[in-house]
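Engineer: Sharing a structure here in structure tokens format.
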Ligand SMILES: *Cc1c(COP(=O)(O)O)cnc(C)c1O
């Protein structure tokens, strides 16, 4: 082997995987087992005490899932990763390591609708208080910092309009506040943006979307950048203080730059339980092998569709950061030079009724609540994903009544444009 570091496409196919040592199987096997036999009593004791790495029980770790974890950590440039059952599970497990009841976290207002719900309602019931900030106004993050702030949470390419977040600017706010920056990189995938290169301390994904890529398997993942010092000021006791369940070890002291990933596994996943099925890990790994090819086609198609819509008389406006005229185009050129993603919104001159009508007339586009499928998808956020918000909050989060959201697939762009054309003129 040469000394060359493998490129992104090579890592997407190979990182974390080897031919199976016992059978020679070239594809990663699905280790569909709940538990693993110990060599002897000492081996068992050392696994339980975190003195040795190895498999115990699939809720805590599984060899198929381990390949997925190593692969995504490599693609994101992190030190370690932990796969979980869904994107939402990843968010719960991450914050459980960092927040105590009564603590606050700052979140960008432009987020996946499900995250807005999770933060506003479920997390509030845990005593984790969200403070919203506007990703287009960096000073709003500075103003939101208090002594109780433990985390800042943003999306790299943000729902629903595909706007681009200035990760470096928000990372410096986090640095100054002494808190980690968590970036949900679901809509970009590491092919378009690697948030750790821009100052993120933790990356989370819904693997359900572009990484899995085929609309067939739920999953989530947490990537530890290994950059944050958890011992400062006693703010993160789960990482810095002795853990009674592991003979008093301190995770940061013992595991250094992958302590956060370890905490998520041996405290979060172990106790909360949202383990990823090895079958889903296999499906998602297969998806990741073609991530670079798919993502480029998603982006190229999205740009062509956005250009078509921008020239259509029934369309009032198009929000796609890949258009030269878009207000996020500068940020897109800086953070996502290969393409501005495939999820964006546009608004219709006919308002709410025209939005609902368009969705019902489209034939090739599927009307459903998902993004990042090979198939093209459409939804009217105001009546679905963002319906729980009041009208002002809908507009603020980019989901006003006249807005339609598209997730562009990898079909032929001419067919997508023809379908939109017939639905807009119907
Ligand atoms: C879908 C999604 C989630 C939630 O992921 P699930 O796998 O559905 O739990 C979180 N963030 C973003 C940006 C998403 O698109």
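Engineer: Taking the condition under 13 Å from residue 214 (Cα atoms), surrounded by 21 or more Cβ atoms within 10 Å (Cβ to Cβ) and in contact with a helix residue (DSSP H, G or I) (Cβ under 8 Å, 6 or more places away or on another chain), does residue 255 pass? Please lay out each step first, then the result.
Structural biologist: On the way: under 13 Å from residue 214 (Cα atoms): no; surrounded by 21 or more Cβ atoms within 10 Å (Cβ to Cβ): yes; in contact with a helix residue (DSSP H, G or I) (Cβ under 8 Å, 6 or more places away or on another chain): yes.
No: the conditions fail for residue 255.
Engineer: Right, another one. Residues 41, 45, 52: which one is touching a helix residue (DSSP H, G or I) at 6+ places or on another chain (Cβ under 9 Å) and over 25 Å from residue 90 (Cβ atoms)? So that I can check it myself, show each step before the final result.
Structural biologist: Numbers: 41 fails: touching a helix residue (DSSP H, G or I) at 6+ places or on another chain (Cβ under 9 Å); 45 fails: touching a helix residue (DSSP H, G or I) at 6+ places or on another chain (Cβ under 9 Å).
Only one candidate qualifies: 52.
Engineer: On to the next question. Inside the range 43-66, can you point out the residues that are under 23 Å from the mean Cα position of the chain (by Cα), over 21 Å from residue 202 (Cβ atoms) and not in a loop (DSSP other than H, G, I, E, B)?
Structural biologist: Listed by number, the residues that qualify are 63, 64.
Engineer: Moving on. If you go through the range 92-102, how many residues are assigned to a helix (DSSP H, G or I) and out of contact with any strand residue (DSSP E or B) (no Cβ under 8 Å at 6 or more places or on another chain)?
Structural biologist: Adding up the residues that qualify gives 3.
Engineer: Right, something else. Is it fair to say residue 378 is under 26 Å from residue 109 (Cα atoms) and part of a helix (DSSP H, G or I)?
Structural biologist: no
Engineer: Restricting attention to the range 147-158, does a residue exist that is surrounded by fewer than 16 Cβ atoms within 10 Å (Cβ to Cβ) and not assigned by TED's automatic domain parsing to the domain that holds residue 382?
Structural biologist: Taking the range 147-158 first, the residues surrounded by fewer than 16 Cβ atoms within 10 Å (Cβ to Cβ) are 147-148.
Subsequent filtering for residues that are not assigned by TED's automatic domain parsing to the domain that holds residue 382 retains 147-148.
Checked the range 147-158: at least one residue is surrounded by fewer than 16 Cβ atoms within 10 Å (Cβ to Cβ) and not assigned by TED's automatic domain parsing to the domain that holds residue 382.
Engineer: Which members of the range 223-252 meet the condition of being closer than 25 Å to residue 46 by Cβ and in contact (Cβ under 8 Å) with a residue 40 or more places away in the chain?
Structural biologist: Across the range 223-252, the qualifying residues are 224, 226, 238, 239, 246, 247, 249.
Engineer: Would you pick out the residues in the range 133-146 that are surrounded by 18 or more Cβ atoms within 10 Å (Cβ to Cβ) and away from the ligand (no atom under 15 Å from the Cβ)?
Structural biologist: 133, 141, 144, 145, listed by residue number.
Engineer: Another question, then. If you scan the range 390-414, which residues turn out to be under 29 Å from the mean Cα position of the chain (by Cα) and in a helix (DSSP H, G or I)?
Structural biologist: 391, 392, 393, 394, 395, 396, 413
Engineer: Which residue is surrounded by the most Cβ atoms within 10 Å (Cβ to Cβ), if the candidates are limited to the range 71-91 and must be in a loop (DSSP other than H, G, I, E, B) and more than 16 Å from the ligand (Cβ to nearest atom)?
Structural biologist: Filtering first and then ranking leaves 78.
Engineer: While we're on this one: So residue 122 ticks every box in (1) modelled with pLDDT of 95 or more; (2) crowded, with 20+ Cβ neighbours inside 10 Å; (3) assigned to a helix (DSSP H, G or I) but one. Which box is left unticked?
Structural biologist: That leaves (2) as the condition not met.
Engineer: I would also like to ask the following. Could you count how many residues in the range 316-325 are touching a strand residue (DSSP E or B) at 6+ places or on another chain (Cβ under 7 Å) and crowded, with 20+ Cβ neighbours inside 10 Å?
Structural biologist: 4
Engineer: Here's a follow-up. Determine, yes or no, whether residue 220 is under 15 Å from the mean Cα position of the chain (by Cα) and either in the same structural domain as residue 80 (by TED's automatic domain parsing) or modelled with pLDDT of 95 or more (or both).
Structural biologist: Numbers: under 15 Å from the mean Cα position of the chain (by Cα): yes; either in the same structural domain as residue 80 (by TED's automatic domain parsing) or modelled with pLDDT of 95 or more (or both): yes.
When the stated conditions are applied, residue 220 passes them.
The values are calculated or read from the model by the stated rules, or taken from the named source; none is laboratory data. These numbers were taken from a predicted model, which means no experiment stands behind them. Don't worry about glycine lacking a Cβ; one is built from the backbone with ideal geometry, like all the others, and counts go over all protein chains shown.
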